[in-house]
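The values are calculated or read from the model by the stated rules, or taken from the named source; none is laboratory data. Since we're looking at a predicted model, the values are computed, not measured. Cβ sites come from the backbone with ideal geometry, for glycine too, and all protein chains shown count toward neighbours.
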Amino acid sequence: MPDVRDSFRNVAANYTRSTFHASSVRLQEVVDLARPSPGDLVLDVATGTGNTAFALAPHVHRVIGLDVTREMLDQARRIASERGIANADWVIGDATRLPFQDETFDVYTVRAAPHHFADVDAFAAEAFRVLKHDHDAAFIDCAPPLPARDVLHEVEMRRDPSHVLSLTVDEWVATLERAGFQVEMAEPRELDWDYEEWMGNMGVAPGLAAELATIIESASGEAGAQLHPERRDGRLFHAYWHALIRAHKP
Ligand SMILES: C[S@@+](CC[C@H](N)C(=O)[O-])C[C@H]1O[C@@H](n2cnc3c(N)ncnc32)[C@H](O)[C@@H]1O
């Protein structure tokens, strides 16, 4: 099994400026979904360079950003210090074995990371365990519809060997319900995806990026219609989907 840290340690800085990860519109989406309150203690799992944690920090008492890759957290610490953000802490840890007591957090968030987790049931069970009773969690992750997922899966595995699987929205709901959550909202959201930036974030070599582009551009039938790849001034854009989920721990 590839080590996710090998994928992220050398490209950490890219995630501080990636259009998707750092966009204020996308970060407002997390705040709207998580509905933070001023007294809240928040856990942002797989925080990476801290984008989601930084979006939540002004709305809450304290946020803990947890990630398995030290170099990603180094970037988060640097940015927190540059911006004078004093209510964020950074913890090295694994989403499937959280180093926290039961019922510790008022809000749990995770964005753009569960598709790396080998055991999604363990991850969902841990989210449920550390969240306080009668509180909510927000989950955002890539979630392409079938059959586009099959095409993107091949591309994602070769772009980043630490990719495991993007769940569909229905698979997400089933996973969270197995863990005990009541899913209050689960919606797919489609974005116009800048393929070259996506490859660039992971430092994919130009030859491989060109090869993977042909997989997307030659998708046919329903998958091709869903992905609707298009060149604009030579640059490839195609559809990409996330699930936006709000779930309640009764
Ligand atoms: C795309 S980045 C995260 C982006 C960040 N959540 C954001 O919103 O900008 C994916 C992160 O998941 C982390 N990660 C992957 N598997 C993990 C695991 N099992 N436990 C904790 N972090 C993990 C990686 O180290 C990486 O920093």
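Among the residues of the stretch 34-44, is there at least one that is near the ligand (Cβ under 9 Å from one of its atoms), farther than 15 Å from Y15 by Cα and at pLDDT 95 or above? Scanning the stretch 34-44 turns up at least one residue that is near the ligand (Cβ under 9 Å from one of its atoms), farther than 15 Å from Y15 by Cα and at pLDDT 95 or above.
Inspect the stretch 107-121 for any residue being of a type in the set (K, R) and under 24 Å from T69 (Cα atoms) and give the result as yes or no. Yes - at least one qualifying residue is present in the stretch 107-121. Please find, within the stretch 203-221, the residue that is farthest from E156 (Cα to Cα) out of those that are among the aliphatic types (A, V, I, L, M) and in contact (Cβ under 8 Å) with a residue 60 or more places away in the chain. Among those that are among the aliphatic types (A, V, I, L, M) and in contact (Cβ under 8 Å) with a residue 60 or more places away in the chain, it is A219. For the structure I just gave you, tell me whether S162 is within 19 Å of the chain's Cα centre (by Cα), hydroxyl-bearing (S, T, Y) and either at positive phi or at pLDDT below 95 (or both). Answer is yes for this residue.
Mind telling me which of the residues E171, E184 ends up being in contact with a His (Cβ under 8 Å, 6 or more places away or on another chain) and either outside any loop (DSSP other than H, G, I, E, B) or surrounded by fewer than 17 Cβ atoms within 10 Å (Cβ to Cβ) (or both)?
From the options E171, E184, the qualifying one is E184.
Give me the residue from the stretch 3-14 that is farther than 21 Å from E82 by Cβ and in a helix (DSSP H, G or I) and, out of that set, farthest from the ligand (Cβ to nearest atom). Result: D6. Set side by side, the residues R83, R17 differ, and just one is more than 10 Å from the ligand (Cβ to nearest atom) and at pLDDT 95 or above, which is R83.
Scanning the stretch 34-63 for residues that are surrounded by fewer than 20 Cβ atoms within 10 Å (Cβ to Cβ) and among the aliphatic types (A, V, I, L, M) yields a single hit, L41.
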